[in-house]
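Participant: Encoded as structure tokens, here's the structure I'll be asking about.
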Amino acid sequence: MIEQPYFIGLMTGTSLDGVDAVLVDVSGATPILVAAQGQPLPAALRETLLSLQASGPDEIDRAWRAGVQLAECYAEAVLALLLRAAVPAEQVAAIGNHGQTVRHRPERGYTVQLGDQARLAELTGITVVGDFRSRDVAAGGQGAPLVPAFHQAMFADARRHRVVVNIGGIANLTDLPPGGEVTGFDTGPGNVLLDAWIARHQPGQRYDANGQWAAGGKVLPDLLDLLLAEAYFALPAPKSTGRDLFHDGWLTRRLTGRSDAPQDVQATLAALTAQSIADAILLQAPGVDEVYVCGGGAHNAHLMHALGHALPGVGLASTAELGIDPDWVEAYAFAWLAQRCLARQPGNLPQVTGAKGPRVLGAIWPA
Ligand SMILES: Nc1ncnc2c1ncn2[C@@H]1O[C@H](COP(=O)(O)OP(=O)(O)O)[C@@H](O)[C@H]1O
Ligand SMILES: [Mg+2]
């Protein structure tokens, strides 16, 4: 009997929609997702984190205070998860906590995920593994995406050529050719622009539920071309991105001098997400059989329809079909990466991130 059969994964992504927490039992031949839950971020903290996405006054103090508050949210999520699963903290080997990205600048040698990990260890009594991206960046990599190794472990098939697409705030893909090399990169915006645009025009709406607002608008082909002309889309991999590039201002600059109906802009933004993902898939994996989607975008029926339309003849489904609910794949990945760290096994794929070699990812705050 293993004393600590469990790992916890925590994810707070670019969308700033909340903390995703999963409890995984790793004692068997294959890991089992025992419990999962989402917890929204307090509105004031969300606003602070949004404001910290760009330089501003008193930034260090605001950032570190937000880190303390984040740790308190993470601890709440962990304790609620353990309560729900009726698992005592002592049976958890470690929490893998991604943290909240506020800067992603691998080209300058750094990426910043907030979250006071020492405090999380203190509040939970559980070992915490965090700061997963910095080592890959220090080794010359993008530090992102880090989920492809996990996608390979969970979703690869010996015969069928699969691509996994995570549509969070930013979208990223993992190409899983049978017998071939796994690759992956950030394709560009997922939900981040869609969320920002609907929040601006329909105050109180955090996102376009099921893409209904977008579905009632019409795609503006000239605007779509303008948006797709962004240089990032044509960059070769390895590449990664975030709110540093795709934010409100990026969109506002491109809409200057135009007077499009807001709903048509939303329809065009949905088309931008679908088209940029489909283009990346067709370029990277022209022989793909099946595309599996995870992340919140998997719930956007309009977006999924648009993606299916842009990928004729390709099977399109959510990762639920492969046994993992699309909402929990990323948090699950950080539980997996924490396990890799404690076992001193590499977590990055150098061909994905561009790092000089495989690296053990993460820093450890012992219980
Ligand atoms: N029912 C839904 N309809 C449309 N979009 C949704 C729905 N559910 C979630 N989303 C989108 O998914 C986002 C959250 O996705 P998530 O995978 O958590 O991203 P991140 O990793 O960036 O936090 C929300 O901000 C929203 O845009
Ligand atoms: Mg999220």
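The values are calculated or read from the model by the stated rules, or taken from the named source; none is laboratory data. What you see is a predicted model, and the numbers here were worked out from it, not measured in a lab. Positions of Cβ are backbone-derived with ideal geometry, glycine not excepted, and every protein chain shown enters the neighbour counts.
Participant: Anything in region 18-38 that is modelled with pLDDT under 95 and either within 16 Å of ligand 2 (Cβ to nearest atom) or of a type in the set (A, V, I, L, M, F, W, C) (or both)? List them, or say none.
Facilitator: 29
Participant: Kindly indicate which of 179, 216 is surrounded by fewer than 24 Cβ atoms within 10 Å (Cβ to Cβ), of a type outside the set (Val, Ile, Thr), at pLDDT below 95 and more than 19 Å from residue 105 (Cβ to Cβ).
Facilitator: 179
Participant: Being among the charged types (D, E, K, R) and surrounded by 24 or more Cβ atoms within 10 Å (Cβ to Cβ) is true for just one of 195, 186, 157. Which residue is that?
Facilitator: Being among the charged types (D, E, K, R) and surrounded by 24 or more Cβ atoms within 10 Å (Cβ to Cβ) holds for just one of 195, 186, 157, which is 186.
Participant: In the list 256, 241, which residue meets the criterion of being of a type in the set (Ser, Thr, Tyr), over 24 Å from the mean Cα position of the chain (by Cα) and not assigned by TED's automatic domain parsing to the domain that holds residue 12?
Facilitator: Going through 256, 241 in turn, the sole match is 256.
Residue-by-condition table, conditions (1) of a type outside the set (D, E, K, R); (2) assigned to a helix (DSSP H, G or I); (3) not assigned by TED's automatic domain parsing to the domain that holds residue 263:
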{"residue": "194", "(1), (2), (3)": "yes, yes, no"}
{"residue": "207", "(1), (2), (3)": "yes, no, no"}
{"residue": "211", "(1), (2), (3)": "yes, yes, no"}
{"residue": "218", "(1), (2), (3)": "no, no, no"}
{"residue": "249", "(1), (2), (3)": "yes, yes, no"}
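Participant: Evaluate region 215-222: report whether one residue or more is within 18 Å of the chain's Cα centre (by Cα) and away from ligand 2 (no atom under 16 Å from the Cβ).
Facilitator: no
Participant: Go through (1) assigned to a helix (DSSP H, G or I); (2) within 21 Å of residue 185 (Cα to Cα) and name the single condition residue 101 misses.
Facilitator: Answer for residue 101: the failing condition is (1).
Participant: Continuing with this model, one more query. Looking at region 278-288, can you tell me whether even one residue there is under 15 Å from residue 192 (Cβ atoms), modelled with pLDDT of 95 or more, buried (at least 17 other Cβ atoms within 10 Å of the Cβ) and out of contact with any helix residue (DSSP H, G or I) (no Cβ under 7 Å at 6 or more places or on another chain)?
Facilitator: For region 278-288, residues under 15 Å from residue 192 (Cβ atoms), modelled with pLDDT of 95 or more, buried (at least 17 other Cβ atoms within 10 Å of the Cβ) and out of contact with any helix residue (DSSP H, G or I) (no Cβ under 7 Å at 6 or more places or on another chain): absent.
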